[in-house]
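S.K.: Can you keep this structure in mind? I'll have questions shortly.
The values are calculated or read from the model by the stated rules, or taken from the named source; none is laboratory data. These numbers come from a predicted model, not from an experiment. Glycine also receives a Cβ, built like all others from the backbone with ideal geometry; neighbour counts cover every protein chain displayed.
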Amino acid sequence: MTAFTQSFFALHQQPEPLLLITIWDPGSAVLAQQQGAKAIGTSSAALAWSLGYADGQQLPVAELLAAVQRILRVIQLPFTVDIEQGYSDEPTQVAKLVLQLAELGVAGINIEDGTADPELLATKIRACRMLLAGRELFINARTDVYLAQLATEADAVTECIRRLELYKEAGADGAFVPGLTDLAVAKQLSLHCSLPLNLMGWSESATSADLMAAGVKRLSAGPALFIQSYQAYQQAVISFLQPTVASTPVLNYSKLNQLFS
């Protein structure tokens with residue numbers, strides 16, 4: 001296990017949640033490092049947008065690998081890469097990509113189920129573990145039960161637990177549940193799943209103590225930092241071209257993604 005990989009695993013076992021800064025290019029990566037980030041990771045959306053592609057597995061794998069190499073060249077931090085659903089429905093192809101990333105020096109990956117049968121993600125994770133052949137890599141298994149509303153409110157917790165246990169048995173190291181913002185529900189998940197719990201959104205009023213009490217071990221910024229950055233850039237462009245214009249159109253995930261569709 002490399003020092004960065006070892007550190008990344010350890011960061012998920014601390015009392016306070018790991019604040020994972022999301023980046024998309026070497027510039028954003030070195031700025032995050034300079035400000036004291038303990039680890040960084042790509043947002044799949046932010047990375048795709050920065051390279052001219054829509055989010056949703058539109059980014060060519062060659063572009064992904066080249067971007068990862070450029071980022072790794074300038075950082076000295078644990079680095080995890082969001083690979084969406086692995087850019088393939090073929091587990092062997094997904095495993096080959098994950099091995100390539102591990103060989104480049106990343107400490108972890110995110111891989112998601114989306115709307116597919118959860119058994120497919122479990123099969124992909126097992127294929128990754130087989131091809132990695134004992135090489136340590138933090139696999140953060142994401143379930144979209146809440147984000148894509150794949151179950152009723154009454155059944156969502158049970159379905160999350162079922163999926164996360166399946167992914168754990170396949171070899172996952174972390175559980176990522178984007179779209180879940182209720183810390184009472186997060187606590188239920190953390191009590192019934194031994195994987196470190198990762199959230200992407202949470203109540204603005206929640207304190208660090210609230211998050212720790214709910215068992216949250218990692219918080220991801222997702223595409224939010226990219227959106228905020230490009231909101232500021234959009235305002236700067238408007239101010240330069242049209243100094244008298246005061247209002248700025250609001251950017252969000254959907255508006256940004258449509259620019260590349």
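S.K.: Among the listed residues 125, 111, which satisfies the condition of being part of a strand (DSSP E or B), in contact with a Gly (Cβ under 6 Å, 6 or more places away or on another chain) and free of Cβ contacts under 8 Å to residues at least 60 places away in the same chain? It would help to see each step written out before you state the result.
M.R.: Values: 125 fails: part of a strand (DSSP E or B).
None of the others qualify; the one that does is 111.
S.K.: Output the helices (runs of 4 or more DSSP H) that fall wholly within segment 142-261 and possess 2 or more residues being closer than 30 Å to residue 117 by Cα and of a type outside the set (Gly, Ala, Ser), or say none. Working first, answer last.
M.R.: Numbers: elements: 153-170, 183-192, 208-213, 224-241, 253-258.
The helices (runs of 4 or more DSSP H) meeting that bar are 153-170, 183-192, 253-258.
S.K.: Right, here's the next one. Determine whether residue 106 is more than 16 Å from residue 222 (Cβ to Cβ), crowded, with 21+ Cβ neighbours inside 10 Å, at pLDDT 95 or above and among the β-branched types (Val, Ile, Thr). Walk me through it before giving the result.
M.R.: Values: more than 16 Å from residue 222 (Cβ to Cβ): yes; crowded, with 21+ Cβ neighbours inside 10 Å: yes; at pLDDT 95 or above: yes; among the β-branched types (Val, Ile, Thr): yes.
The answer is yes for residue 106.
S.K.: With the checklist (1) touching a residue at least 24 places away in the same chain (Cβ under 8 Å); (2) of a type outside the set (Phe, Trp, Tyr); (3) in contact with a Leu (Cβ under 9 Å, 6 or more places away or on another chain) in hand, flag the one item residue 88 doesn't pass.
M.R.: (1) is the only condition that residue 88 fails.
S.K.: Only one of (1) among the small types (Gly, Ala, Ser); (2) surrounded by 16 or more Cβ atoms within 10 Å (Cβ to Cβ); (3) modelled with pLDDT of 90 or more is not met by residue 201, so which one is it?
M.R.: (3) is the only condition that residue 201 fails.
S.K.: Condition check: at pLDDT below 95, over 16 Å from residue 195 (Cα atoms) and surrounded by fewer than 22 Cβ atoms within 10 Å (Cβ to Cβ). Does residue 153 satisfy that?
M.R.: Working: at pLDDT below 95: yes; over 16 Å from residue 195 (Cα atoms): yes; surrounded by fewer than 22 Cβ atoms within 10 Å (Cβ to Cβ): yes.
Criteria met by residue 153.
S.K.: Would you check which residues across segment 128-163 are at positive phi and either in contact (Cβ under 8 Å) with a residue 60 or more places away in the chain or under 20 Å from the mean Cα position of the chain (by Cα) (or both) and list them? Reasoning before the result, please.
M.R.: Within segment 128-163, the subset at positive phi is 133-134, 149.
Residue satisfying the conditions is 149 alone.
S.K.: Against the definition (aliphatic (A, V, I, L, M), farther than 27 Å from residue 177 by Cβ and surrounded by fewer than 24 Cβ atoms within 10 Å (Cβ to Cβ)), how does residue 97 come out, yes or no?
M.R.: Numbers: aliphatic (A, V, I, L, M): yes; farther than 27 Å from residue 177 by Cβ: no; surrounded by fewer than 24 Cβ atoms within 10 Å (Cβ to Cβ): yes.
Here the answer is no, as residue 97 does not meet what is asked.
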